[in-house]
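S.K.: Structure below; questions to follow.
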Amino acid sequence: MRSAEQDPSAGGPRVQAAGIDPADLLTGDEVAARLRATPRFVRRLVAERRITYVKVGRLVRFEPAAVDEYIERNRVVPLSRAELRRRLRAVA
């Protein structure tokens, strides 16, 4: 078994200095499964900088908290009819 210094998937000194355990980081496929989306969608989120990610060498990894934050940021809360009317009147 290789040490953390030799294993690129173990994370470099930056990842370890930031207090991030590389074993806790998620891959793009794991994030896709968690979001019930395709890996292509996750790559698009990264390309558009819509989700926080960590670069481990050339690999892209995600903290579980970043995925939870993304979900929370995109939550749509339902409105009552009265609230919807108030907002539409304010716009008009």
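S.K.: Could you compute the net charge surrounding residue 45? Neighbours are other residues with a C-beta less than 15 Å from the C-beta of residue 45; K and R count +1, D and E count -1.
M.R.: Every neighbour counted, the sum reads +3.
S.K.: Compute the Rg/Rh shape ratio of the stretch 8-91: radius of gyration over Kirkwood radius, all on alpha-carbon atoms.
M.R.: Taking Rh as the inverse mean 1/r over Cα pairs, Rg/Rh reads 1.19.
S.K.: Could you give the size of the charge dipole of the stretch 8-91 about its Cα centre, using +1 on the Cβ of each K and R and -1 on the Cβ of each D and E, expressed in debye and rounded to the nearest 20? Can you show the working numbers first?
M.R.: Values: 18 positive and 10 negative charges, 153 e Å.
Around 740 debye, computed over the stretch 8-91.
S.K.: A follow-up question, please. Which of the trypsin sites (Lys or Arg not before Pro) across the stretch 21-76 are loop residues per DSSP, with 10 or fewer other Cβ within 10 Å? Each step should come with its number before you reach the end.
M.R.: Numbers: sites: 34, 36, 40, 43, 44, 49, 50, 55, 58, 61, 73, 75; in loops: 36, 49, 50, 58, 75.
Sites meeting the loop and neighbour criteria: 36, 49, 58, 75.
S.K.: Say the dipole of the stretch 8-91 comes from +1 at the beta carbon of Lys and Arg and -1 at that of Asp and Glu; which of 39, 23, 82 then lies farthest toward its positive end?
M.R.: So the residue furthest toward the plus end is 82.
Only the coordinates and a few stated rules stand behind these numbers; no lab work does. Small disclaimer: the values here were computed from a predicted structure and weren't measured. Positions of Cβ are generated from backbone atoms using ideal geometry, with glycine treated the same way; all protein chains shown enter the neighbour counts.
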